[in-house]
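Report on one structure; see the data block that follows.
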Amino acid sequence: MTDVIVVGGGPAGLSAALFAEKNGLETTVFDTDETWMHKAHLFNYPGIGSQDGSVYMDTLRNQVDNFGVERKQGEAVTGVAESGDGFGVTTEAGEYEAPYVVLATGASRDLAEELGCALTDEGVVDADVTMETSVDDAYATGAMVRAEEWQAVISAGDGAAAALNILSKEKGEHFHDFDVPADADSAFGGMVDEA
Ligand SMILES: Cc1cc2nc3c(=O)[nH]c(=O)nc-3n(C[C@H](O)[C@H](O)[C@H](O)COP(=O)(O)OP(=O)(O)OC[C@H]3O[C@@H](n4cnc5c(N)ncnc54)[C@H](O)[C@@H]3O)c2cc1C
């Protein structure tokens, strides 16, 4: 049992995991490492001048690992269903449960459809601005919710929006994750480069 299960470990999934785990929710990510980022070179990710997509993924994985996200790399999710007050997720290796699930499988909508998430007239997963689907506490991100506008920064934003909505539900009030310069030393002890 974990607080949040994230299916997919690209920019969307790891962004969701970062925000959730950083703010106290135990988060498990399952990923098969077929992220499109391995084919990309970023010139259009705000704040990053020019970076190979795989290098970006290495940094992001290191970032979530340092916050304590459980990252089950190479473990494919084969099924997801509502279960009790949350969701049951089946993988090649076992069964997992969580009250929240974030689907971040890129363009693949299979799991969202299996879960019963409504689709739009365009055939993409219907999600609101918090990325919550028609199934309460189930979130969808990235290309599965958009016909064409596929960008890494949009996926990362989707993941953040999903996590903040989960955090707002858990804390009972609107939640935002703001840090100030004085937090840097105490929180990271020099882990993050001072560019
Ligand atoms: C050639 C190319 C160049 C690009 N260039 C740019 C660019 O310059 N700038 C830009 O912003 N974007 C670019 N993109 C797009 C960018 O890579 C995507 O928008 C971004 O990767 C989407 O992130 P995501 O997290 O939504 O999905 P993805 O990155 O696709 O990640 C989804 C992850 O989910 C995993 N997964 C899927 N199903 C399962 C399952 N059942 N169980 C466990 N894991 C699963 C996959 O293995 C994958 O790792 C490019 C894409 C391509 C193909």
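Got the relative contact order for the chain handy, in percent, Cα pairs under 8 Å and 6 or more residues apart?
For the chain, the relative contact order is 24 percent.
Which residue, GLN151, LEU115, LEU42, has the largest displacement toward the positive end of the dipole of the chain when charges sit on each Cβ (Lys, Arg +1; Asp, Glu -1)?
Projecting each Cα onto the dipole axis, the largest value belongs to LEU42.
On a full-extension model of 0.36 nm per residue, what is the gain between GLU34 and ASP136, subtracting their alpha-carbon distance, rounded to one decimal in nm?
The span from GLU34 to ASP136 would gain 33.9 nm if fully extended.
Based on the alpha-carbon gyration tensor of segment 1-58 and its eigenvalue square roots a ≥ b ≥ c, which shape applies: rounded if a/c is under 1.5, prolate if not and a/b is larger than b/c, or oblate?
In terms of gyration-tensor shape, oblate.
Rounded, prolate or oblate: which fits segment 4-188 when a ≥ b ≥ c are the square roots of the eigenvalues of the alpha-carbon gyration tensor, with rounded for a/c under 1.5 and prolate only if a/b beats b/c?
rounded
Using the alpha-carbon atoms, what tilt in degrees (0 to 90, nearest 10) does helix 53-67 show relative to the longest principal axis of the chain?
90 degrees
Is the C-alpha gyration tensor of segment 79-125 telling us rounded, prolate or oblate? Criteria: a/c under 1.5 is rounded; beyond that, a/b larger than b/c is prolate, otherwise oblate.
Here segment 79-125 falls in the prolate category.
Suppose we keep just the alpha-carbon trace of segment 82-162; what are its Rg and Dmax in angstrom?
Final numbers for Rg and Dmax: 12.3, 36 Å.
Which of the GluC sites (Glu not before Pro) found in segment 73-102 are in a DSSP loop and have at most 12 neighbouring Cβ atoms, other than their own, within 10 Å?
GLU92
Using Cα atoms only, what is the angle between the long axis of helix 152-171 and the major principal axis of the chain, expressed in degrees (0 to 90) to the nearest 10?
Once rounded, one gets 70 degrees.
Using DSSP to call loops (not H, G, I, E or B), can you name the chymotrypsin sites (Phe, Trp or Tyr not before Pro) in segment 145-179 whose Cβ has at most 12 other Cβ atoms within 10 angstrom?
Sparse-neighbourhood loop chymotrypsin sites (Phe, Trp or Tyr not before Pro): PHE178.
Rounded to the nearest 500 deg cm²/dmol, what is the calculated helix-only ellipticity per residue at 222 nm for the chain, with -39500 (n - 2.57) per DSSP H run of length n ≥ 4?
Calculated at 222 nm, the ellipticity per residue is -9500 deg cm²/dmol.
Within straight cross-link reach of LYS22, meaning Cα distance under 26 Å, which lysines are found once same-chain residues fewer than 8 apart are removed?
Leaving aside lysines fewer than 8 places away in the same chain, those within reach of LYS22 are LYS72, LYS169, LYS171.
Quick one: putting +1 on the C-beta of Lys and Arg, -1 on the C-beta of Asp and Glu, what dipole do you get for the chain around its Cα centre, in Debye to the nearest 20?
Approximately 360 debye in magnitude.
Which of the chymotrypsin sites (Phe, Trp or Tyr not before Pro) found in segment 64-141 are in a DSSP loop and have at most 14 neighbouring Cβ atoms, other than their own, within 10 Å?
Answer in residue order: no site qualifies.
Each reported figure results from applying straightforward, stated rules to the coordinates on display, with no laboratory input. This is a predicted model, so every value here is computed, not measured. Virtual Cβ from ideal backbone geometry, glycine too; neighbours counted across all protein chains shown.
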